[in-house]
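Beneath this line is the structure, given in structure tokens, with notes to follow.
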Amino acid sequence: MKKTILLLLAILFINSVNAQGEYDSNGLKTGKWRILHKKNHNFHEIGYFEKGKREGEWKEYFFNKLSQSGQYINGKKNGVWKLYFGSHSEKKNISATGKFYKGKRDGQWKFYYRKGKIEKIGNYRNGSKIGEWKLYSKEGNLIKTENY
């Protein structure tokens, strides 16, 4: 009976804790926060809040491996973001790089194969693909061009 009660309490605790951080005097998130994965408490996101909005550098993890990193301004993704295949190193395994503007993809984006060769290159405007997109083989040869 005691084991069952302890197990139930552990399950309730695990499911209830999903973030670590502080609140300001107005009840808004502030400072450094760690948002935890609900199932196994691995860090999912680490970054800063200012007046309740994400601000500055954020890193997102999937199964304790870096999945993406970049900046937030006023609660929205902004500036250069890097997406990763899943690695403990930020220098290896980049799957894509590009910019966000007010939370939407904007400007040139490059997508890579696991070995580092470019898979495709194209531009976004306001979150939608625009213009010419080039797709490459794993060997680096141009396969086709698409227009949006």
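Return the residues of segment 44-61 that are under 15 Å from GLU22 (Cβ atoms) and not aliphatic (A, V, I, L, M); say none if nothing qualifies.
The answer is GLY47, TYR48, PHE49, GLU50, LYS51, GLY52, LYS53, ARG54, GLU55.
Which pairs do you get when a residue that is at positive phi, found in segment 21-32, comes within reach of a residue that is surrounded by fewer than 12 Cβ atoms within 10 Å (Cβ to Cβ), reach meaning Cβ atoms under 6 angstrom, with the pair 6+ apart or on two chains?
Qualifying pairs under 6 Å: GLY31/GLU22.
So for segment 42-56 (the condition being part of a strand (DSSP E or B), more than 30 Å from ASP24 (Cα to Cα) and not aromatic (Phe, Trp, Tyr)), does at least one residue qualify?
No, segment 42-56 has no match at all.
When you check GLU139 against the structure, is it surrounded by 13 or more Cβ atoms within 10 Å (Cβ to Cβ), over 19 Å from the mean Cα position of the chain (by Cα) and under 23 Å from TYR84 (Cβ atoms), yes or no?
In short, no.
For segment 95-128: of the residues being touching a Gly at 6+ places or on another chain (Cβ under 6 Å) and of a type in the set (D, E, K, R), which is surrounded by the fewest Cβ atoms within 10 Å (Cβ to Cβ)?
Residue satisfying both the conditions and the ranking: LYS117.
Collect the residues in segment 47-66 that are at pLDDT below 95 and crowded, with 18+ Cβ neighbours inside 10 Å, keeping them in residue-number order.
GLU60, TYR61, LEU66
The values are calculated or read from the model by the stated rules, or taken from the named source; none is laboratory data. The shown structure was predicted, so the numbers you read here are calculated from the model rather than taken from an experiment. Glycine gets a Cβ as well: all are built from the backbone with ideal geometry, and neighbour counts include every protein chain shown.
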